[in-house]
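Step one of this worksheet: look at the structure below.
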Amino acid sequence: MEIVLSGIRPTGNLHLGNYFGALRNFIKMQYEYKCYFFIADLHSLTTHPKPDDFHGSIKNILAEYLAAGLDPEVATLFIQSHIPEVSEMYVLLNMFAYKGELERTVSFKEKARKHPDNVNAGLLTYPVLMATDILIHRANKVPVGKDQEQHLEYSRIIARRFNNMYGTSIFPEPEAFNFGSDLIKIPGLDGNGKMGKSENNGIFLIDDEKTICKKVMKAVTDSGPTKPDSHMPEMIQNLFTLMQVVSAPDTVQYFRDKYNSCEIRYGDLKKQLAEDICKLTLPIRERIIEILKDDDYLRRVANLGAEKARESALKTLREAKKCIGFKEF
Ligand code: TYM
């Protein structure tokens, strides 16, 4: 049976990029595959979260996973640091990763450029930890957004190297996955780039109606097309991209036609967009708030997930160590 695995870092709450790039796929996949979904708390340490905030962020994401529809009885839902085997495997796999290639990773270069005062070794070996997450459960399919494509390629490289070195096929080569189509990138509301936690351009699952409307109405636009069928600038395309994921196809077509005939009123488009986002996220928001009140339930979910994930991780770790030549005395 094919194995699916994916994770999200607990840095703040989940936004629409996380939802459409990853979480929505998790929910669909849980009934079709053997699934492992987790909270990548070790990954988030590269940016040194405040100790007082750390646990709360993890708890928020767990509640958001559940509120969005993940079933902990069906999928294995766990917190990365609860699986000590991950840290051990990470040490082993670091021996198959080379400094030059890690330095060339796009995400590393970007983070090092943005935060030159915090280019730590964890940041450099971030793709190795991610490969560890995937390979330790021998996952074949990894539902992620477009920004994670290179990391997936690197996981394949590490799997191949290990297999070749020891003449084994212990690790399958994982592929990035998005139900039926290309990996997606949800844009931010600021006219460029992608929606991100630290970019201050996101709509979060926990946002209330007023906040969502305010954010959408403030999204950057231009003065409108002056010629029929004119080229759409990126900031307008972004609004249509968002609309495509939250609205009905005929709604999108209606506004496209209005754009092409130069009759579009961005205020109307934004109002519709805000309404359709609210329709999707407000019921999730209500469930998040309810679930966060129930510490016992969250503890039970985390413990159940850790138990199931450790079993699978330990099995792979034992086999990998055997390949390397570790033996019992
Ligand atoms: P993270 O926490 O940055 O993002 C979590 C997931 O959300 C997707 N995503 C987006 N998709 C589309 N448009 C966007 N604007 C957008 N923003 C975020 C990401 O592609 C990702 O799928 N390294 C990972 C976490 C991780 C992981 C793993 C993922 C750790 N180990 C193993 C898969 C498998 C990360 O930082 O994602």
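Among the residues in the range 111-120, are any away from the ligand (no atom under 12 Å from the Cβ), assigned by TED's automatic domain parsing to the domain that holds LEU42 and among the hydrophobic types (A, V, I, L, M, F, W, C)? Yes, some residue in the range 111-120 is away from the ligand (no atom under 12 Å from the Cβ), assigned by TED's automatic domain parsing to the domain that holds LEU42 and among the hydrophobic types (A, V, I, L, M, F, W, C).
Does SER57 fit the bill of being within 12 Å of the ligand (Cβ to nearest atom), over 20 Å from ILE134 (Cα atoms), in a helix (DSSP H, G or I) and open to solvent by less than 40 Å² (accessible area, probe 1.4 Å)?
Criteria met by SER57.
For the range 179-195, a tally of residues being under 17 Å from LYS218 (Cα atoms), open to solvent by 60 Å² or more (accessible area, probe 1.4 Å) and away from the ligand (no atom under 11 Å from the Cβ) returns 2. Any residue that is part of a helix (DSSP H, G or I), open to solvent by less than 40 Å² (accessible area, probe 1.4 Å) and not assigned by TED's automatic domain parsing to the domain that holds ARG138 - is there at least one of those in the range 215-233? The answer is yes; a qualifying residue exists.
Filter the range 50-88 down to residues that are farther than 24 Å from ARG285 by Cα and touching a Ser or Thr at 6+ places or on another chain (Cβ under 7 Å), then give me how many there are.
Filtering the range 50-88 for residues farther than 24 Å from ARG285 by Cα gives 50-51, 80-88.
Checking the rest, the ones that are also touching a Ser or Thr at 6+ places or on another chain (Cβ under 7 Å) come to 86.
Summing the residues that are farther than 24 Å from ARG285 by Cα and touching a Ser or Thr at 6+ places or on another chain (Cβ under 7 Å) in the range 50-88 gives 1.
Return yes or no: is ASN140 in the same structural domain as GLY305 (by TED's automatic domain parsing), at pLDDT below 95 and within 13 Å of the ligand (Cβ to nearest atom)? Against the criterion (in the same structural domain as GLY305 (by TED's automatic domain parsing), at pLDDT below 95 and within 13 Å of the ligand (Cβ to nearest atom)), ASN140 does not qualify.
In this entry, GLU275 passes the filter for residues that are closer than 25 Å to TYR19 by Cα, out of contact with any Pro (no Cβ under 9 Å at 6 or more places or on another chain), without any contact (Cβ under 8 Å) to a residue 12 or more places away in the chain and of a type outside the set (S, T, N, Q). ARG24 falls short on exactly one of the conditions (1) open to solvent by less than 30 Å² (accessible area, probe 1.4 Å); (2) in contact with a helix residue (DSSP H, G or I) (Cβ under 9 Å, 6 or more places away or on another chain); (3) in a helix (DSSP H, G or I), and that condition is (1).
Conditions tested, residue by residue: (1) in contact (Cβ under 8 Å) with a residue 60 or more places away in the chain; (2) surrounded by 16 or more Cβ atoms within 10 Å (Cβ to Cβ).
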| residue | (1), (2) |
| --- | --- |
| ASP71 | no, no |
| ALA75 | no, yes |
| ILE79 | yes, yes |
| VAL91 | no, no |
| TYR98 | no, no |
| GLU103 | no, no |
| GLU110 | no, no |
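What about THR132, is it within 14 Å of PHE38 (Cα to Cα), hydroxyl-bearing (Ser, Thr, Tyr), at pLDDT 95 or above and within 14 Å of the ligand (Cβ to nearest atom)? Yes, satisfied. A search for C-beta distances below 7 Å between a residue of the range 298-313 that is over 19 Å from MET89 (Cα atoms) and any residue that is open to solvent by 60 Å² or more (accessible area, probe 1.4 Å), counting only pairs 6+ apart in sequence or on different chains, returns ALA302/HIS82.
A quick yes/no check of all residues on (1) of a type outside the set (S, T, N, Q); (2) under 23 Å from ASP207 (Cβ atoms); (3) surrounded by 13 or more Cβ atoms within 10 Å (Cβ to Cβ); (4) not assigned by TED's automatic domain parsing to the domain that holds VAL74:
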position	(1), (2), (3), (4)
PHE255	yes, yes, yes, yes
CYS262	yes, no, yes, yes
PRO283	yes, yes, no, yes
ARG300	yes, no, no, no
ALA309	yes, no, yes, no
SER312	no, no, yes, no
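The values are calculated or read from the model by the stated rules, or taken from the named source; none is laboratory data. Since this is a predicted model, take the numbers as computed values, not measurements. Every residue, glycine as well, gets a Cβ built from its backbone with ideal geometry; the counts of neighbours run over all protein chains shown. Just so you know, the surface numbers come from the protein's heavy atoms only, side chains and all, with ligands and any DNA or RNA stripped out. Shrake-Rupley method; radii C 1.70, N 1.55, O 1.52, S 1.80 Å.
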